[in-house]
Amino acid sequence: MNTRTASSPQGSPLYITAVCLVAALGGLLFGYDTAVINGAIGFLEEHFALNAVLKGWATSSALLGCVIGVSFAGAFSDWLGRKKTLVLAGVLFLVSSLGTAVPQTLWQLVVFRILAGVGVGVASLASPMYIAEVSPARFRGRLVSVNQFAIVSGMLLIYFVNYAIALQGGPEWKVTTSWRWMFASGILPSALFLGLLAFTPESPRWLIKQGRTEHALDILRRVDGATYAAAEARRIQEAIARESESLAQLFQPGLRRVLGIGVALAVLQQVTGINVFLYFGTEIFKGLGAGVDAALWQTVVVGAVNLLFTIVAIWTVDHLGRKPLMVIGAAGMGTSLLAMGLVAQWQMTATWMLPFVLGYIACFALSVGPVTWVILSEIFPTAVRGRALGLATFFLWMADYVVTQTFPMLDAKDSWFVRQFHHALPFYIYAAFCGVLVLVVTLGVPETKGKSLEEIERSWKEP
């Protein structure tokens with residue numbers, strides 16, 4: 001993938017696909033490092049004698065790291081480039097995988113969980129932004145969705161790894177040792193990511209912004225041919241010429257709406273409850289009567305459904321459009337959550353819960369999961385895209401932190417909430433937010449299917 005070799009006048013779909021797949025490995029590690037806690041948290045709870053608050057902290061501490069990561073990743077990516085930002089994420093993934101495998105105290109674990117979260121926060125911004133900026137408009141949505149595919153692939157992979165590791169020993173070994181191997185398993189994919197990044201190009205949009213137009217043209221020719229390269233470079237230059245360098249630009253008339261929509265979508269993706277199932281799925285199934293190994297296997301099934309419907313989303317996002325997928329998916333999620341609440345309130349078994357969890361995951365994976373990232377990577381102006389996407393992603397991770405920290409408290413066996421609602425209250429709350437998401441998308445989000453990033457940018461400024 002060396003960008004200084006001769007380029008084909010027709011461009012190379014294989015080239016752009018390979019480049020995007022390498023960038024999407026950042027998404028895979030995003031999923032891997034966030035979901036590893038699903039299999040480990042029950043053993044950590046017993047090993048470190050955690051109460052509900054500390055159980056939430058052991059899980060959500062990584063999300064504070066995500067907040068830290070996105071706080072500087074946008075400015076860093078605008079300053080030093082998208083590629084170097086991805087390299088930073090890879091280094092953080094590698095170091096944190098080593099550190100979380102060997103702690104002797106909870107607080108040592110938390111330090112490296114926060115470091116892993118910083119890597120996730122950086123990757124959550126840099127990977128979709130990089131892919132959006134190297135991809136032609138006609139299949140940009142599909143390629144950005146590949147990042148979501150990579151995220152859920154990473155989740156499914158670690159669910160399998162967790163399950164396989166847990167089978168290697170008895171109850172005592174699971175509590176003292178298995179979780180260490182779960183965390184350590186992230187070393188290999190982190191090293192692979194760093195190695196492959198050496199062969200990827202910089203974002204052509206960032207290069208043009210830095211005045212390195214010839215280098216950018218070379219990359220654009222390899223992406224989709226000489227004609228596309230000349231036209232795309234001209235569109236990028238025109239967009240940059242119209243923009244200021246200040247994030248305050250987003251508060252100008254016509255663009256404040258962009259910021260509001262971006263932040264609203266980011267927050268609503270999280271407060272509709274997805275990461276409760278991705279981080280605590282094993283514990284939810286155990287709480288409804290499943291054994292440890294059965295609960296871990298049911299989590300694998302959840303991960304497989306997540307992956308399957310993400311594939312469907314990748315092939316439909318550029319055909320059906322962003323808005324229809326978001327509305328249908330959010331409505332399906334809300335319906336499934338209401339059903340889960342009834343199952344929990346009526347104290348039915350885990351067997352009854354699983355179909356509704358799978359329905360919820362399918363709706364999320366088909367829509368709100370990948371399409372939110374597609375929209376966020378498209379709607380912000382070129383000159384401040386990194387910082388604006390970072391701001392939206394900051395709020396996303398803050399919302400994720402709040403949901404993850406509060407769920408164990410809402411779901412604790414001796415809490416007032418459980419005595420009154422029998423574990424159902426969180427599901428009802430997340431269902432209500434699904435209704436809010438349907439309204440926001442219907443009333444506020446424009447359709448961006450098939451439009452260039454520059455066309456989307458101009459549309460916000462039209463009266």
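About the centre of its Cα atoms, the chain shows a dipole size close to 680 debye [charges on the beta carbon of Lys, Arg (+1) and Asp, Glu (-1) only; nearest 20 debye].
Under the 0.36 nm per residue contour assumption, what length would be gained going from the current alpha-carbon distance of Leu439 and Val102 to full extension?
Working: separation 337, 0.36 × 337 = 121.32 nm, distance 4.64 nm.
Result: 116.7 nm gained on full extension.
Along its three principal directions, the equivalent ellipsoid of the stretch 13-66 from the Cα gyration tensor extends over semi-axes of 34, 11, 5 Å, largest first. At a probe radius of 1.4 angstrom, the accessible area of the chain per residue rounds to 36 square angstrom.
The stretch between Ala198 and Asp293, if pulled fully straight at 0.36 nm per residue, gains 30.2 nm over its current Cα-Cα span.
With bins 10 Å wide beginning at 0, the percent of Cα pairs of the stretch 38-179 falling in each bin runs 11, 34, 33, 16, 6, 0. Computed from Cα atoms, the angle from the helix 322-345 axis to the main principal axis of the chain rounds to 10 degrees.
How large is log10 I(q)/I(0) at q = 0.18, 0.19 Å⁻¹ when the Debye formula is applied to the Cα atoms of the stretch 32-99, each weighted equally and without solvent? Summing over Cα pairs of the stretch 32-99 leads to -0.77, -0.83. Mind checking which of Val53, Ala313, Pro381 is farthest towards the positive end of the chain's charge dipole, using Cβ charges of +1 (Lys, Arg) and -1 (Asp, Glu) about the Cα centre? Farthest towards the positive pole: Pro381. Working note: Cα gyration tensor of the stretch 215-368, eigenvalues times five, square-rooted, sorted largest first, giving semi-axes of 42, 20, 14 Å.
Placing +1 on the Cβ of every Lys and Arg and -1 on the Cβ of every Asp and Glu, with no other charges, gives the stretch 88-195 a dipole of roughly 220 debye about its Cα centre. The alpha-carbon positions of the chain define a convex hull whose volume is 123 Å³ per residue.
Under the simplified labelling scheme, the Phe48-Leu188 pair shows an inter-label distance of 2.6 nm, with each label point 7 Å from Cα along Cα→Cβ. With a cut-off of 13 Å between beta carbons, the residues surrounding Gly56 carry a summed charge of -2, where Lys and Arg count +1 and Asp and Glu -1. Pairs exceeding 32 Å between alpha-carbon atoms, taken from Lys84/Lys174; Lys84/Lys451; Lys286/Lys323: Lys84/Lys174; Lys286/Lys323. Between Gly74, Val118, Gly90, the Cα set farthest toward the positive side of the dipole of the stretch 53-138 (charges on each charged residue's Cβ, about the Cα centre) is that of Gly90.
Helix 13-47: angle to the longest alpha-carbon principal axis of the chain, degrees 0 to 90, nearest 10? With rounding to tens, the tilt is 20 degrees.
For the listed peptides 48-54, 296-302, a ranking on the average number of other beta carbons within 10 Å per residue, highest first, reads 296-302, 48-54.
First compute the accessible area of the chain with a 1.4 Å probe, then give the percent of it belonging to carbon and sulfur atoms. Provide the component values of the computation, followed by the final result.
Details: 11550 of 16660 Å².
About 69 percent, which is the carbon plus sulfur part of the accessible surface.
Go ahead and run the numbers for FRET between Arg256 and Val91, Cβ-Cβ distance against an R0 of 35 Å, rounding to 0.05. Spell out each step's value before the answer.
On the way: r = 36 Å, r/R0 = 1.04.
Computed FRET efficiency for Arg256 and Val91: 0.45.
Using a simple spin-label model with pseudo-atoms 7 Å out from Cα toward Cβ, Val312 and Thr227 lie 3.7 nm apart.
Counting trypsin sites (Lys or Arg not before Pro) as exposed when in a DSSP loop with at most 12 other beta carbons within 10 Å, what is the longest stretch of the chain free of them? List each step's numbers first, then the result.
Working: sites that count: Arg4, Lys413.
My reading of the result: 5-412 is the longest stretch.
Based on DSSP H segments of at least four residues, each scored -39500 (n - 2.57), the chain has a per-residue ellipticity at 222 nm of -26500 deg cm²/dmol.
The values are calculated or read from the model by the stated rules, or taken from the named source; none is laboratory data. From a predicted model like this one, the values you see are computed outputs, not experimental measurements. No Cβ is skipped: glycine too gets one built from the backbone with ideal geometry, and neighbour counts run over all protein chains shown. When the accessible area is computed, the model is the full protein with side chains, heavy atoms only, and any ligands, DNA or RNA have been set aside. Shrake-Rupley method; radii C 1.70, N 1.55, O 1.52, S 1.80 Å.
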